[in-house]
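Worksheet: one structure, shown below.
The values are calculated or read from the model by the stated rules, or taken from the named source; none is laboratory data. Here the structure is a predicted model, which is why all the values come from computation and not from measurement. No Cβ is skipped: glycine too gets one built from the backbone with ideal geometry, and neighbour counts run over all protein chains shown. Please note that ligands, DNA and RNA were not included when accessible areas were found on the heavy atoms of the full protein model with its side chains. Shrake-Rupley method; radii C 1.70, N 1.55, O 1.52, S 1.80 Å.
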Amino acid sequence: MIGIIDYGMGNLHSVSKALERLQFPYLISGNPDELMECDAFILPGVGAFPDAMKNLDTTGLRTFLDQHVYQQKPLLGICLGMQLLFEKSTEYGETAGLAYLNGNVIHFSEKQHHAHSSLKIPHMGWNRLAFLNEKTSTGGIEEGYVYFVHSYVVEAPDELMAAKADYGCDVPAIVEKDLVFGMQFHPEKSGQVGTALLKRFGELAEKGVD
């Protein structure tokens, strides 16, 4: 079963409906005792990084996630949820993240400045993925367009990158290390490509059951 982490800042409905269409059992909860029964987790996210981290801390969900990442249960962060996987963000000052992955989150304007680009922020709409390296999350899936909405972007080591998009600079779109995955776009709103990527994650969750 896949646990969708409810910490007050995620688009829970669209994620759960996507899993329902794929016929993966799921549980939406913010209660660590209930989530203990799950084999994998999705951390959705919409909003500001500092608020998200505060909610994870005050609910005990950060400690819960720490334990289960250590136990090698698959975890997928979506949109803001992906950014939370990294060490820190500069949104509204500097805030420490979950630090499961090396790298930081900065405003798009900082990255575009170095790339001499001035495209409109936020990065909103459909953009094409380019797959990189040989990664568990993308193997056998065809490249295509997915749906983004974000003003902050990750700076991460190349070895974490499973896919990127181009928006006046390289945008880390899928990251992966061991069984920790992140998608900057919304796979649940991204048509056939997003469905295939969510299906791959669901299959990883099922392997944890076997």
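Considering all projection directions equally, how large on average is the shadow of the alpha-carbon convex hull of the stretch 22-124, in square nanometres?
8.0 nm²
Could you work out what % of the accessible surface of the chain is carbon and sulfur, using a 1.4 angstrom probe and leaving DNA, RNA and ligands out of the count?
48 percent
Can you give the Kirkwood hydrodynamic radius of the chain from its Cα pairs, in Å with one decimal?
Over the chain, the inverse of the mean reciprocal pair distance is 16.9 Å.
Counting helices only, and only those DSSP H runs with n ≥ 4, report the 222 nm mean residue ellipticity of the chain as the sum of -39,500 (n - 2.57) divided by its residues, in deg cm²/dmol to the nearest 500.
Taken over the chain, the calculation gives -9000 deg cm²/dmol.
Could you give each residue of the stretch 64-76 its phi-based ³J(HN,Hα) in whole Hz, using Karplus coefficients 6.51, -1.76, 1.60 with θ = phi - 60°, and x for Gly or Pro?
Going residue by residue, I get 4, 5, 3, 5, 7, 5, 4, 7, 6, 8, x, 9, 10 Hz, with x marking Gly and Pro.
Once you charge only the Cβ atoms, +1 for Lys and Arg and -1 for Asp and Glu, what is the size of the charge dipole of the chain about its Cα centre, to the nearest 20 debye?
So the magnitude is around 500 debye.
Whole-Å semi-axes of the stretch 90-154's equivalent ellipsoid, largest first, each the root of 5 times a Cα gyration tensor eigenvalue?
24, 18, 11
I want the antiparallel fraction of DSSP beta bridges within the chain, as a percent rounded to 5.
That works out to approximately 60 percent antiparallel.
With respect to the cross-link table entries LYS17/LYS88; LYS73/LYS135; LYS120/LYS199; LYS54/LYS164; LYS88/LYS199, which display a Cα-Cα separation exceeding 27 Å?
LYS17/LYS88; LYS120/LYS199; LYS54/LYS164; LYS88/LYS199
Provide the descending list of Cα extents for the stretch 155-199 along its principal axes, expressed in whole angstroms.
The Cα atoms of the stretch 155-199 stretch 29, 27, 10 Å along their principal axes.
Find, among the GluC sites (Glu not before Pro) in the stretch 128-210, those assigned to loop by DSSP (not H, G, I, E, B) with at most 16 other beta-carbon atoms within 10 angstrom.
Passing sites in the stretch 128-210 are GLU134, GLU142, GLU143.
Do me a favour and compute the ellipsoid semi-axes for the stretch 18-62 from its Cα gyration tensor, root of five times each eigenvalue, largest one first, whole Å.
One finds semi-axes of 22, 15, 6 Å for the stretch 18-62.
Check each of the chymotrypsin sites (Phe, Trp or Tyr not before Pro) in the stretch 1-102 and keep only those in coil by DSSP with at most 15 other C-beta atoms within 10 angstrom; list them in order.
TYR92
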